[in-house]
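One structure below.
The values are calculated or read from the model by the stated rules, or taken from the named source; none is laboratory data. Computed from a prediction, not measured in an experiment: that's the story for all the values here. Neighbour counts are summed over all protein chains in view; Cβ atoms, including those assigned to glycine, are modelled from backbone coordinates with ideal geometry. Please note that ligands, DNA and RNA were not included when accessible areas were found on the heavy atoms of the full protein model with its side chains. Shrake-Rupley method; radii C 1.70, N 1.55, O 1.52, S 1.80 Å.
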2 protein chains.
Amino acid sequence: MTEAIGNSFFGVITDEEYQRQRAVYEPFTDAVRKLIDAGIRTGVDATKLAEAQAEIEAIIDKLRAVEKPVPSIVRLADTGRPLSYANPTVGLRNAIAPPMVVNHEGGPDYRAWAEFDLGLPYEGPPGLVHGGICALVLDQLLGETASAGLTKPHFTGTITVRYLRGTPLGRVRAEAWVDRTDGVKTYARGTLSDAEGVTVEADGIFIRPQWARE
Amino acid sequence: MTEAIGNSFFGVITDEEYQRQRAVYEPFTDAVRKLIDAGIRTGVDATKLAEAQAEIEAIIDKLRAVEKPVPSIVRLADTGRPLSYANPTVGLRNAIAPPMVVNHEGGPDYRAWAEFDLGLPYEGPPGLVHGGICALVLDQLLGETASAGLTKPHFTGTITVRYLRGTPLGRVRAEAWVDRTDGVKTYARGTLSDAEGVTVEADGIFIRPQWARE
């Protein structure tokens with residue numbers, strides 16, 4: 001079952017099918033995530049690294065032997081929210097994603113939050129999260145809030161990110177909420193925090209696309 | 001050979017050693033990058049995916065068998081610029097990085113630019129680059145410009161990113177330059193473009209840290 005939104009087709013899946021897909025894809029994607037980390041840290045010599053590379057290439061060949069078009073997003077039947085496979089912040093099958101698991105609270109207010117780990121692959125200055133990674137996760141979370149849990153189409157117009165202090169690598173909490181709406185524009189705000197408090201603030205203006213206006 | 005900058009130690013390496021490290025790490029990291037992509041696209045069944053996962057975990061064990069502390073950044077002896085291993089935009093050993101290979105032009109002006117590919121793992125809306133990924137790569141490039149090719153320490157104070165239109169997945173060009181400086185603050189600007197022109201604009205304020213002020 002699919003529904004057309006704009007130029008794209010989105011599948012709709014039941015919660016049962018969602019849980020089945022999580023059980024299949026989460027452990028695999030987490031293994032790839034750990035491989036990214038190990039690739040930065042490993043001290044093996046050039047010969048052993050080349051062997052590992054050949055083994056990875058053999059796995060890629062087996063994975064690519066069966067390809068099927070993956071919809072960019074499918075919607076969960078119970079909430080109407082999207083399940084993303086490729087998104088680099090929340091995608092179920094994307095090892096680049098930390099991943100963020102976004103919680104939605106407060107009904108129509110859609111305050112969104114996520115707690116997750118940002119390790120070595122997200123480092124900018126030594127020991128600190130890359131400023132652009134802070135912007136990446138906040139852009140996603142502000143967007144989810146501005147679009148009422150991604151049930152209403154939107155595009156980011158502008159986002160401003162203020163760095164109050166460095167964000168240490170490790171556990172972080174991201175939060176976002178709608179500040180106000182004005183016609184087709186929604187103003188969202190958000191923060192990134194460590195255990196000591198807020199490290200980064202963000203303000204975003206999100207715009208309802210022309211084709212989705214009534 | 002190491003030199004102290006702030007709280008961190010940075011190694012210094014010759015161009016010959018840099019080229020040796022590139023030859024070892026680039027092909028390995030590129031294989032992990034292709035594995036991330038294949039993990040999103042593959043249509044193999046749950047059994048074959050679990051087999052691939054077990055093979056990946058075996059590779060991780062071998063890589064982790066030899067660990068040595070990797071300096072976050074080492075400096076190239078000839079330019080004084082850092083070589084980053086873990087940075088998620090430019091890191092030599094980080095499969096999350098596209099990677100951007102940043103070119104520096106114009107001597108003291110340090111106009112910086114990079115052309116690189118953003119494929120499926122960087123997708124936000126269907127077929128388009130995630131807005132936060134645009135912010136990530138521009139934050140890095142503005143920072144490199146504001147810090148004169150990363151030869152002078154700095155931290156991002158604020159960055160504002162304006163989305164003019166969606167950036168299609170594929171080849172992009174990022175550019176950045178210093179707009180003006182005012183005491184410890186440097187104002188940098190930049191753009192992200194596809195073949196049709198600019199898709200995203202960014203303004204950043206970068207601040208010289210207290211310990212690096214004269």
If you scan region A:61-83, which residues turn out to be at pLDDT 95 or above and crowded, with 20+ Cβ neighbours inside 10 Å?
A:L63
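Filter region A:144-173 for residues that are polar (S, T, N, Q), in contact with a Gly (Cβ under 9 Å, 6 or more places away or on another chain) and either under 30 Å from A:G119 (Cβ atoms) or open to solvent by less than 50 Å² (accessible area, probe 1.4 Å) (or both) and give the result. Lay out the reasoning, then the answer.
Within region A:144-173, the subset polar (S, T, N, Q) is A:145, A:147, A:151, A:156, A:158, A:160, A:167.
Of the ones still in play, those that are also in contact with a Gly (Cβ under 9 Å, 6 or more places away or on another chain) are A:145, A:151, A:156, A:158, A:160, A:167.
Within region A:144-173, A:T145, A:T156, A:T158, A:T160, A:T167 qualify.
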What's the number of the condition A:K34 fails, among (1) open to solvent by 10 Å² or more (accessible area, probe 1.4 Å); (2) in contact (Cβ under 8 Å) with a residue 40 or more places away in the chain; (3) facing another protein chain (nearest Cβ under 7 Å)?
(2)
Kindly evaluate A:R171 against the criterion of being closer than 25 Å to B:G166 by Cβ, touching a residue at least 12 places away in the same chain (Cβ under 8 Å) and of a type in the set (D, E, K, R).
no
Hits in region B:114-142 (condition: crowded, with 21+ Cβ neighbours inside 10 Å, among the hydrophobic types (A, V, I, L, M, F, W, C) and within 15 Å of the chain's Cα centre (by Cα)):
B:A114, B:L118, B:I133, B:C134, B:A135, B:L136, B:V137, B:L138, B:L141, B:L142
Which pairs do you get when a residue that is farther than 20 Å from B:L83 by Cβ, found in region A:123-136, comes within reach of a residue that is at pLDDT below 95 and polar (S, T, N, Q), reach meaning Cβ atoms under 8 angstrom, with the pair 6+ apart or on two chains?
none
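Could you look through region A:51-92, keep only residues that are of a type in the set (D, E, K, R) and within 16 Å of the chain's Cα centre (by Cα), and pick out the one that is farthest from A:N103 (Cα to Cα)?
Checking each candidate, the answer is A:R75.
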Which of the residues belonging to region A:174-192 are among the small types (G, A, S) and surrounded by fewer than 19 Cβ atoms within 10 Å (Cβ to Cβ)?
A:G183
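From the residues in region A:84-121 that are charged (D, E, K, R) and at pLDDT 95 or above, which one is farthest from A:L136 (Cα to Cα)?
Here the residue is A:R93.
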A:R81: over 19 Å from B:T47 (Cα atoms), in contact with a Pro (Cβ under 6 Å, 6 or more places away or on another chain) and of a type in the set (K, R), yes or no?
no
Which of the residues spanning region A:37-50 are assigned to a helix (DSSP H, G or I) and facing chain B (nearest Cβ under 8 Å)?
A:A38, A:G39, A:I40, A:R41, A:A46, A:K48, A:L49, A:A50
Just one of the numbered conditions (1) more than 9 Å from chain B (Cβ to nearest Cβ); (2) open to solvent by 60 Å² or more (accessible area, probe 1.4 Å); (3) modelled with pLDDT of 95 or more is not true of A:T14; which one?
(3)
